[in-house]
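Peer 1: I am attaching a structure below and will ask some questions about it afterwards.
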Amino acid sequence: MSNISKAIEKVDSEEKMAGKAKYINDISYNDMLFAMTLRASESKAKIIKITYPKIPKGYTIVDYNDIPGKNFVKIIYEDMPIFAKKEINYYGEPILLVVGEDKAIISDIINNIHVTYKVQTPSYELKNSVIYYEFEKGKAKEIFKNAKKIIHFDYSTGYQEHVYIEPQGLIGLYEPDKITIIGSMQCPYYIKNAVMQALNSGEKGVRVKQATTGGAFGGKEEFPSLIACQIAVAVLKIKKPIKLIYDREEDMEFTTKRHPSNIKLQAAIGINNEIQAIKAYVALDSGAYIGLSGVVLQRAMIASSGVYTIDNIEVAGDVYETNTVPNGAFRGFGAPQMMFAIEMFINHIASELKLDPFTLRNKYLAKQGDITSTGGKFRDVIIMDEMIKKVMKMSDYKKKYLKYSKKDNYKGIGMSWFLHGCGFTGSGEQKHIKALVKLRKEKNNFVTILVASVDMGQGIQTTLRKIVANILQIPVKKVIYNNPDTDLVPDSGPTVASRTIMIVGGLVAQAAKLLKEQWIDGKEITIAKRYKQPKHIKWDEENLRGDAYPAYSWGVNVVEVVVNPITYQVELIGIWEVYDVGKAIDERIVLGQAEGGVLQGISYGMLEVMKNVNGRIQQKNITDYIIPTSCDSVNIETVFIDNPYLLGPYGAKGAGELTLIGGAPAVALAIENAINRRVTKIPVTPEYIMELIDYGEN
Amino acid sequence: MAKIKFTLNGKEINITIDPTARLLDILRDQYGLVGVKEGCGEGECGACAVLINEVIINSCIVPMGTINNKSIVTIEGFSETKRYEVIRKAFEDEGAVQCGFCTPGMIIASESLLNNNPHPTEEEIRIGLSGNLCRCTGYNMIVKAVKTASKRGEGLW
Ligand code: FES
Ligand code: FES
């Protein structure tokens, strides 16, 4: 068998390069109308009255009155309306759509609709808790009660905006018994289920098709369900194709972002300077509606001991509602916030205790067989030792670290250690998703992969085909994968949580093996495979106890920086990264994930500033919200070390999110090393560096 | 309304048009050249890049009135050339394409750069691509692709 990791030509590159791939805004229909959104201009208010200008013929207002089903977007909690009815809970909340042929006229109508509000007092502070969780490992509470020495630091992280280069967009199509939604998305079945509830229709009444998607990073996980419901309602009313495309400003201001967080960490220290227990508290700002925030909080809390085994941990967390734009899924899903905090904390503990940070970290580094934060087990081989050695050698970490620590030359180097639980947290797969995949061997001996997982740039068009082709020993060209269409593919679950290769790809591989056994030339054969949780994985959802994830991917990042002593601008000098993703299904594709992910993580840590002032996002376009350009990026050296996972296809585990998680702590530690001050919040901007240099502690 | 003459992917065009209309919209809506993407609409991302008289310009900030007598090449036109073939192969080999939304613009930027400087240094490549945002790749695989194209395309530029 050929080595599965060896790169092959990416199936969809050619049409993308030639400009032939059809993204949602490249698709048009005869008779197609456009829609734009009227949004609330208050953060917290009651709508008293809406007055409309004269609406020209062919133009239509679509609002909550037009919704046949529930006026809620089906996510987890039913709290976010499709269109605001009376209550406004955040600035920019959608009230209605104006639909018609000419965008200029639509925008004119929108500008002349007048909404009268009874303004109420909004809340922007983290006060109103809507979800609270806690769990304990060992005897943390008791230890803290009797602790002689406690080290305590507070950390905070800001917003992060996805900035997928293709903004959000969908088209709705009408047939008498069916509404079809086509668009840029990660989760066709999330949309289907949400639209069914909005329209109060059965399975057959809604069809969802993915168009080539221009980046997503979590931003197209749950958000498209909202606009799909809106468009579906409009299409049902108007009975014509309708297109809704956000422009960049609308996308930046009013779509979901990474949750800002405040994290308090405490360590109880024993007489031999050992860490007896850790106490973690996480506060997440969900914005106006809960959405996925509870699950994001769980992932953050579970990550609270990072890659370290601490015998006694006490963890609590709240999701707070504020009158701001709702936050949602973003690559890493709560883990980047916590991994930043814990990586800083372990270093800060070392400096408080005047210990060598490397020695302290090593002492607690998790090993195979150790108990996880939730009382589960690290069952598989952990190769962090080897990975750390490798990255230190590649980057010459030790020498540079000592040199920069002694010298005041504004150079610094930082190293982060991190892990990511692959797949859904807890029993999500087994209880809620129950993924089903199919493979159909056609009469002509081509094989079609029937899954709902989408390619949003991460390469599954190629990797899923490759898995099937390799198992069946047929050319990749004979394996068909089309953008998912819910009328044609089963629900293999959403394209999230680094589950696509490990879980869906794993099922696809099992199906391919069965097909191989049953293969008969010239005959159509369909094989179905449904997810079954491995027996040894047990999870108590109520109490957050047990194995939170079936497997973990691991990473080590080193970042070297120089801080400009006058402007405090941070320049990257080098990035080194080593990962254990089990087995790379295609080295070049996973390398792309690694390089793109680490840069997204580093810029989350030092560059990307988004602020909310009185409930309004201040950075509304790419001029104000800075993401890295080719000049900000530097050479990246990446190594993957094979550590095959028994239940993954060819040993593969999750890779997509992992690569973002270590960037922020690595760059923050590098800056800390450069300026000799403690960094406790990200992004580490020049203003913050100035503050630290003037007033910070070292 | 203004009368405007220009060449589009080698074809001569004479039209009467609102001189303030955005070139991007005309290319996409009137000529169906949807390989030219809109990522920001304000000249910041480069997804809408085209060549005007062989130099890269963001078509979202170009009013039609300014293109009189000029030559416009979009990705659709450029993809018919030998130079494209070299860039395409290099992008493929270096893994420079993920979601692909920035890619037509990146390829136009690569052409504009190589046309002007057939043997750019890494630094020059980074500067040459810096007007084009990519959120997926972290850029290095694109930078390498341009390097590779420059090597393989000896004599083409
Ligand atoms: S769309 Fe023109 S530069 Fe972004
Ligand atoms: S490949 Fe997705 S933005 Fe560049």
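Peer 1: With +1 assigned to the C-beta of every Lys and Arg and -1 to the C-beta of every Asp and Glu, and no other charges, what is the dipole magnitude of region A:428-530 about the Cα centre in debye, to the nearest 20?
Peer 2: Rounded to the nearest 20 debye, it is 280 debye.
Peer 1: For A:Lys443, which lysines qualify as cross-link partners when the Cα separation must be under 16 Å and same-chain residues fewer than eight apart are set aside?
Peer 2: Within the straight-line limit of under 16 Å, A:Lys443 reaches these lysines: A:Lys477, A:Lys478, A:Lys516, A:Lys523.
Peer 1: Can you give the % of DSSP beta bridges in the protein assembly as shown that are antiparallel, to the nearest 5?
Peer 2: Beta bridges within the protein assembly as shown, antiparallel portion: roughly 80 percent.
Peer 1: Residues in region A:360-387 near a label at A:Glu274, defined as backbone nitrogen under 14 Å from the 7 Å Cα→Cβ point?
Peer 2: A:363-365
Peer 1: Could you rank the peptides A:246-259, A:109-122 by their average count of other C-beta atoms within 10 Å per residue, with the highest value first?
Peer 2: Result, highest mean Cβ count within 10 Å first: A:246-259, A:109-122.
Peer 1: At each listed q (0.17, 0.18 Å⁻¹), what is the log10 of I(q)/I(0) that the Debye formula gives for region A:428-530 modelled as equal alpha-carbon point scatterers?
Peer 2: With one equal scatterer per Cα and no solvent, log10 I(q)/I(0) is -0.69, -0.77.
Peer 1: Further question: Can you give me the % of accessible surface on region A:291-423 that is carbon or sulfur? Probe 1.4 Å, all protein chains present, nothing else counted.
Peer 2: Roughly 52 percent, rounded to a whole number.
Peer 1: While we're here: What order do A:Tyr59, A:Tyr695, A:Tyr90 take when sorted by accessible area (1.4 Å probe), most exposed first?
Peer 2: The ranking, largest first, comes out as A:Tyr695, A:Tyr59, A:Tyr90.
Peer 1: Counting only C-alpha contacts under 8 Å and six or more residues apart, can you give the relative contact order of chain A as a whole percent?
Peer 2: After rounding, I find 16 percent.
Peer 1: Computed FRET efficiency, Cβ-Cβ of A:Lys204 and A:Thr567, R0 45 Å: what is it to the nearest 0.05?
Peer 2: 0.15
Peer 1: So what's the gap between the Cα centers of region A:46-103 and region A:529-545, to the nearest angstrom?
Peer 2: Spelled out, the Cα-based centre of one part sits 40 Å from the other.
Peer 1: With each label point set 7 Å from Cα along the Cα-Cβ vector, what nm distance links A:Leu355 and A:Glu101?
Peer 2: Label-label distance for A:Leu355 and A:Glu101, simple model: 7.4 nm.
Peer 1: What whole-number value in Å² describes the accessible area per residue of region B:81-152 for a 1.4 Å probe?
Peer 2: About 30 Å² of surface per residue is accessible.
Peer 1: Given a 1.4 Å probe and heavy atoms of the protein chains only, how would you sort A:Lys478, A:Lys127, largest accessible area at the top?
Peer 2: These residues rank, largest area first, as A:Lys127, A:Lys478.
Peer 1: Accessible surface of A:Glu352 in the full protein assembly, 1.4 angstrom probe, to the nearest 10 Å²?
Peer 2: 80 Å²
Peer 1: Got a sec to turn the phi values of region A:569-581 into Karplus ³J(HN,Hα) couplings, 6.51 cos²θ - 1.76 cosθ + 1.60 with θ = phi - 60°, whole Hz, x for Gly and Pro?
Peer 2: Taking θ as phi minus 60°, the curve returns 5, 9, 10, 7, 9, x, 9, 10, 9, 10, 10, 10, 10 Hz for region A:569-581.
Peer 1: Could you give the Stokes-Einstein D for the protein assembly as shown in µm² per second, using the C-alpha Kirkwood radius, 10 °C, 1.306 mPa s?
Peer 2: The Stokes-Einstein estimate is 57 µm²/s.
Peer 1: Rounded to the nearest 10 Å², what accessible area does A:His348 show when all protein chains are kept and the probe is 1.4 Å?
Peer 2: Its accessible surface works out to 0 Å², give or take rounding.
Peer 1: Then there is this: Counting only helical runs of four or more DSSP H residues, what would the 222 nm mean residue ellipticity of chain B come to if each run contributes -39,500 (n - 2.57) and the total is spread over all its residues?
Peer 2: -10000 deg cm²/dmol
Peer 1: Take every residue in peptide B:26-34, count the Cβ atoms of other chains within 10 Å of its Cβ, and give the average of those counts.
Peer 2: Rounded to a whole number, the mean comes out at 2.
Peer 1: While we're here: Would you kindly find the accessible area of A:Lys363, with a 1.4 Å probe and non-protein molecules such as ligands, DNA and RNA excluded, rounding to the nearest 10 Å²?
Peer 2: 120 Å²
Peer 1: Using DSSP, restrict attention to beta bridges with both residues in region B:2-75 and report what percent are antiparallel, rounded to the nearest 5.
Peer 2: On the way: 14 of 16 bridges.
Bridges in region B:2-75 that DSSP calls antiparallel: roughly 90 percent.
Peer 1: Rounded to the nearest 500, what is chain A's calculated 222 nm mean residue ellipticity when only DSSP H runs of at least 4 contribute -39500 (n - 2.57) each, over all residues?
Peer 2: Value at 222 nm, helices only: -8000 deg cm²/dmol.
The values are calculated or read from the model by the stated rules, or taken from the named source; none is laboratory data. Small disclaimer: the values here were computed from a predicted structure and weren't measured. As a convention, Cβ positions derive from the backbone with ideal geometry for all residues, glycine included, and neighbour counts pool all protein chains shown. Areas reflect the complete protein model, heavy atoms only, side chains present, ligands, DNA and RNA absent. Shrake-Rupley method; radii C 1.70, N 1.55, O 1.52, S 1.80 Å.
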